[in-house]
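See structure below.
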Amino acid sequence: MILYLVKRLAVLLASTAAAGVAVFAFMGLLPGDPAEIALGVNATPEAVAALRRQFGTDRPPLVQFFDWFGGLAGGDFGTSYVTSSPIGPQISERLAVTAVLVLGGMVIAVLVAVPAGTFAAVHHRNPLGAAISAISQVGIAVPAFLAGILLVFVFAVQAQALPSGGYVPFSEDPAQWLLSLLLPWSSLGLVQGAVLTRYVRSSVLDVMREDYLRTARAKGRGRMGALWRHGLRNASIPVVTVLGLQLATLLIGAVVVERVFVIPGLGDLLLNGVAARDLLLVQGVVMVLVVAVLLINFLVDVAYAALDPRLRGAR
């Protein structure tokens, strides 16, 4: 297991380096000079050249890359072209909000999908099991931002039970913090829960057809008892992969949901940076999102190996 972890960690580090090259190269292809944008169209060439030296954009691209990527290793994301303030604290503050939003959405997705998918599999020949499958199929077609708008209309506009938007930090008011996140969590979690329900149902159905589960039932265990004791661990292996993919999807979906509910997260910071043409800020946020996805994939691989030891040698 230790050798497996070392190999996967080496892949993670190599992937992070390759992602850094790709992000830096892509940002370099975008049109516009940060110095010219910051000074405006009436700036003199001398002033533009001086600001380029201040930003460091007058240096060769290779030098800029190693300076930027080396700073990332030490937690230094550079200084914003627009506000002249350090980028690292801005990203860390917003990342905490986005992480809470994504993890809350994933918890709701799991709480919805595991019982619903298992029930739909066990009762797949019954009308109620078929109805759950049909509802989950409809949920897959609903984007997170549309689910958010519908939830706002029902619970904020009509019922007036929850706030329609805004964010209250936990340190200021824990109760209002929870209320401000219930609708965003639900908009992300219900949509991803519909996707996950399909995979849970399919995985549980496959396990129910296995010989060892029939043997457990022949020894006197009930259907749910045999499934709980012998089947759910094996059924969870493909679901873990889907969970990892959904976490990456939730990170992307959070960008839009944060705009819908006016939440100051990483997606909001990214869109503000794009609007202000603050390329170094955008570059840092994109790199954080890429590393988050790579780290999620790494954790999924580790969870895979923990659930099924046969995969350690195969991988």
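Key figures
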read-out	value
Members of segment 275-289 that are modelled with pLDDT of 85 or more and either in contact with a Lys or Arg (Cβ under 6 Å, 6 or more places away or on another chain) or surrounded by fewer than 17 Cβ atoms within 10 Å (Cβ to Cβ) (or both)	none
Residue check for residue 174: open to solvent by 60 Å² or more (accessible area, probe 1.4 Å) and either modelled with pLDDT of 90 or more or of a type in the set (D, E, K, R) (or both)	yes
Which listed residue is within 22 Å of residue 277 (Cβ to Cβ) and either within 19 Å of the chain's Cα centre (by Cα) or surrounded by 17 or more Cβ atoms within 10 Å (Cβ to Cβ) (or both), from 108, 91	91
Tally, over segment 119-149, of residues that are assigned to a helix (DSSP H, G or I), open to solvent by 80 Å² or more (accessible area, probe 1.4 Å) and within 27 Å of residue 207 (Cα to Cα)	5
Criterion: open to solvent by 40 Å² or more (accessible area, probe 1.4 Å), within 22 Å of residue 169 (Cβ to Cβ), in a helix (DSSP H, G or I) and of a type in the set (A, V, I, L, M, F, W, C) - qualifying residue of 271, 299	271
Subset of segment 246-260 that is among the hydrophobic types (A, V, I, L, M, F, W, C) and crowded, with 24+ Cβ neighbours inside 10 Å - its residue that is modelled with the highest pLDDT	257
Every pair of residues 6+ apart whose Cβ atoms lie under 8 Å, when the first sits in segment 57-83 and is among the hydroxyl-bearing types (Ser, Thr, Tyr) while the second is open to solvent by 40 Å² or more (accessible area, probe 1.4 Å) and in a loop (DSSP other than H, G, I, E, B)	81/277
Helices (runs of 4 or more DSSP H) lying entirely in segment 1-77 (those with 3 or more residues that are closer than 29 Å to residue 292 by Cβ and open to solvent by less than 60 Å² (accessible area, probe 1.4 Å))	2-29, 61-73
Cβ-Cβ under 9 Å pairs, at least 6 apart or on other chains, segment 39-56 side farther than 18 Å from residue 280 by Cα, far side open to solvent by 30 Å² or more (accessible area, probe 1.4 Å) and modelled with pLDDT under 80	43/36; 47/39
Where residue 199 falls short, out of the listed (1) within 20 Å of residue 267 (Cα to Cα); (2) touching a residue at least 40 places away in the same chain (Cβ under 8 Å); (3) aromatic (Phe, Trp, Tyr)	(1)
Failed item in (1) in a helix (DSSP H, G or I); (2) at positive phi, with residue 152 passing the rest	(2)
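The values are calculated or read from the model by the stated rules, or taken from the named source; none is laboratory data. Please read all numbers here as calculations on a predicted model, not as lab measurements. Heads up, the Cβs are rebuilt from the backbone with ideal geometry, glycines too, and the neighbour counts pull from every protein chain shown. Keep in mind that these areas ignore ligands, DNA and RNA; they rest on the heavy atoms of the full protein, side chains included. Shrake-Rupley method; radii C 1.70, N 1.55, O 1.52, S 1.80 Å.
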